[in-house]
Amino acid sequence: MDVEEFEAHLAQFGSRFEDWPSNLRSSAFILSSLNPTAKSLLDEDSRLRALFAEQPKLRAPADLVERIMLAARQSDTNPR
């Protein structure tokens with residue numbers, strides 16, 4: 001695995017190697033241990049995901065789907 005592949009897999013699976021497919025884990029671990037660029041990418045992803053995890057969860061209003069559907073129906077009957 002090269003750094004480019006590592007970065008693509010990191011974007012897909014995240015910074016926790018246990019979430020990666022088993023056939024990629026060891027290569028990713030070795031690369032991130034030996035390559036400073038891969039290690040930096042891994043650390044950056046970990047920090048970013050931690051920041052997202054700290055944020056409060058936002059919930060859409062319960063009637064959001066109904067409001068969107070109503071607006072869509074209205075735009076179909078009243079084209080601009």
Quick one: Karplus J couplings for region 22-39, per residue in order, coefficients 6.51, -1.76, 1.60, θ = phi - 60°, nearest Hz, x for Gly and Pro? 4, 6, 10, 4, 5, 5, 5, 4, 4, 4, 5, 7, 9, 10, x, 5, 5, 4
What is the calculated FRET efficiency for Ser33 to Gln12, with r their C-beta to C-beta distance and R₀ = 22 Å, to the nearest 0.05? 0.65
Could you work out what % of the accessible surface of the chain is carbon and sulfur, using a 1.4 angstrom probe and leaving DNA, RNA and ligands out of the count? 56
Karplus couplings for region 64-73 from phi (6.51 cos²θ - 1.76 cosθ + 1.60, θ = phi - 60°), rounded to Hz, Gly and Pro as x? 4, 4, 4, 5, 5, 5, 4, 4, 5, 5
Nearest 10 degrees is fine. How inclined is helix 3-13 to the longest principal axis of the chain, computing both from alpha carbons? 50
Trypsin sites (Lys or Arg not before Pro) in region 18-77 lying in a DSSP loop, each with at most 15 other Cβ atoms within 10 Å of its Cβ, come to Lys57, Arg59
Modelling each spin label as a point 7 Å along the Cα-to-Cβ direction, I'd like the Arg59/Asp19 distance in nm, to one decimal. 2.3
proj_area_mean for the chain (convex hull on C-alpha atoms), units nm², value 9.0
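The values are calculated or read from the model by the stated rules, or taken from the named source; none is laboratory data. Note that the structure is a prediction, hence the values are computed from the model and not measured. Because the Cβ atoms are built from the backbone with ideal geometry, glycine has one as well, and the counts that use them run over all protein chains shown. The area values use the complete protein model at the heavy-atom level, side chains included, leaving out ligands, DNA and RNA. Shrake-Rupley method; radii C 1.70, N 1.55, O 1.52, S 1.80 Å.
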